[in-house]
Amino acid sequence: MTPDEFQKELDELKMTYLTMDEVKKELKKPYSAIGVEIDIDTEVDYSKIVEVDMTLKLQTCRKDILYLVFDRYNAETKTLTMILGQPIDPKYLNFLKDVSEKIGTTFPDLCWYYSEGTTSTNQIEVETKFREKNSHAGDISWVLPTRFIDNIIETINLINQSPKFFNGLLRDAIIYGPYF
């Protein structure tokens, strides 16, 4: 994809490209944010994108601002890990800081109302392999604020439908969190 094609895709998705320094200037100090990591197993090598200091900023239908960072690509496991974060008022963040474990939920289990969370029996419904280290399968919606969950779902659905970004790959994503 050429830089012009990339910019056109960002414009269509109503996303802005920023560096991490620009993000830090936008955020109020002390920084208070809630986030998740998103893993997808993909044959596409995203290592070049990860090397670039690139953060994508978008505004949700609620007018909330979210930041998407391409954090790392493991060429051995062919796993892209992204961070999706949202600024949060510190008074609300204090309610959540006691969550010590990281919970992994597949994207379909996060989105669908009939879902009861991710378990060892249903995590095979996605192509992405579950992290065995420092997390367990469960229902992340028990520990994340509904507002943030709604924004995660909206954002992933938005970028997932993009033919040049992910073209449906994120339906196989696993979301881990919370991170503060």
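Couple of notes before you dig in:
- Listed by position, the helices (runs of 4 or more DSSP H) inside the range 1-62 whose residues that are small (Gly, Ala, Ser) number at least 1 are 47-51.
- Filter result for Leu27 (of a type outside the set (Ser, Thr, Tyr), under 22 Å from Tyr179 (Cβ atoms), surrounded by 12 or more Cβ atoms within 10 Å (Cβ to Cβ) and more than 17 Å from the chain's Cα centre (by Cα)): yes
- Residues satisfying the stated conditions in the range 114-166, i.e. over 20 Å from Lys97 (Cα atoms), touching a helix residue (DSSP H, G or I) at 6+ places or on another chain (Cβ under 7 Å) and of a type in the set (Val, Ile, Thr): Thr118, Val126, Thr128, Ile153, Ile156, Ile159
- Selection count where residues are more than 9 Å from the chain's Cα centre (by Cα) and either assigned to a strand (DSSP E or B) or of a type in the set (D, E, K, R) (or both), scope the range 71-85: 8
- So Thr128, is it touching a residue at least 40 places away in the same chain (Cβ under 8 Å), closer than 17 Å to Cys111 by Cβ, assigned to a loop (DSSP other than H, G, I, E, B) and not basic (Lys, Arg): yes
- Residue match in the range 53-60 (condition: free of Cβ contacts under 8 Å to residues at least 60 places away in the same chain, in contact with a helix residue (DSSP H, G or I) (Cβ under 6 Å, 6 or more places away or on another chain), of a type in the set (Asp, Glu) and within 23 Å of Phe166 (Cβ to Cβ)): yes
- Selection within the range 125-180 - hydrophobic (A, V, I, L, M, F, W, C) and over 24 Å from Val44 (Cβ atoms): Ala137, Ile140, Trp142, Val143, Leu144, Phe148, Ile149, Phe180
Readers should treat all values here as calculations from the given coordinates under stated rules, not as data from a laboratory. These numbers were taken from a predicted model, which means no experiment stands behind them. With ideal geometry, Cβ positions are generated from the backbone for all residues, glycine too; neighbour counts draw on all protein chains shown.
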